[in-house]
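Take a look at the structure set out below.
The values are calculated or read from the model by the stated rules, or taken from the named source; none is laboratory data. Quantities reported herein were computed from a predicted structural model and do not represent experimental measurements. We place every Cβ from the backbone using ideal geometry, glycine too, and count neighbours over all the protein chains shown.
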Amino acid sequence: MIEVRIHGRGGQGNVVAAYLLASAAFETGRHCQAFPSFGAERRGAPVTAFVRIADHAIRRRCQVANPAFLIIQDSGLLHIPATLDGLLQDGAVLVNSPRSSTELTAEYGRPLTALPASAMAQDILGRPMPNVALLAAFAALTDLFPADALVKALAHRFKGDVLERNTKLIAAATEMVEAGAWKDVAHA
């Protein structure tokens, strides 16, 4: 079973990201589970969402304490120590940041992969919503499912121009990361 924890702030589409990730996995025939955890329910407050993906039924119902992957939609959350807590030793972190992966890795003392997801979304969607770009990069890095599974998951929520622009965002984000770089972690 693969466990993913998504950190962001209210209004960034954290919960939607979890549901989209689970839906994309479901499109490939996997079992999945997605759910959020809220503190104060307000725009800008830290929000955590959890995703489990497996080839068998998932019976676990608790929050994800030891994820294989972290997706961080707001790099400011890296300053909160609990954000990186519990990550498996060989786990991987994807961060929405205009800074380079090398810079973030040096600062935090562990490998971090950066993607300027908000800037990409602003350019393509007209809004700085990082979630779809991060999910596309995650899919490419892990090779858990193809990009078209994410497009199918999005098609359940969006139509027309919004879906077209998100499809362009998926293609752009996929090109910005090394395909399969996290495959060993995802298929361990």
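Details
- Across the stretch 170-188, the qualifying residues are those that are under 14 Å from the mean Cα position of the chain (by Cα) and in a helix (DSSP H, G or I), and the one among them that is nearest to ILE2 (Cα to Cα) is ALA186.
- Boolean, ARG110 is modelled with pLDDT under 95, over 15 Å from the mean Cα position of the chain (by Cα) and of a type outside the set (Phe, Trp, Tyr): yes
- For the stretch 153-164, a residue qualifies if it is within 18 Å of VAL15 (Cα to Cα) and of a type in the set (Lys, Arg), and exactly one does: ARG157.
- Scanning the stretch 77-115 for residues that are surrounded by 12 or more Cβ atoms within 10 Å (Cβ to Cβ) and small (Gly, Ala, Ser) gives GLY86, GLY91, ALA92, SER97, SER100, SER101, ALA114.
- The condition of being touching a residue at least 24 places away in the same chain (Cβ under 8 Å) and either more than 26 Å from ALA114 (Cβ to Cβ) or not polar (S, T, N, Q) (or both) holds for only one of ALA34, ALA45, that being ALA45.
- Qualifying residue in the stretch 147-163 (condition: among the aromatic types (Phe, Trp, Tyr), surrounded by 14 or more Cβ atoms within 10 Å (Cβ to Cβ) and in contact (Cβ under 8 Å) with a residue 60 or more places away in the chain): no
- Condition check for GLU27: acidic (Asp, Glu) and at pLDDT 95 or above: yes
- Residue match in the stretch 83-91 (condition: within 16 Å of the chain's Cα centre (by Cα) and of a type in the set (A, V, I, L, M)): yes
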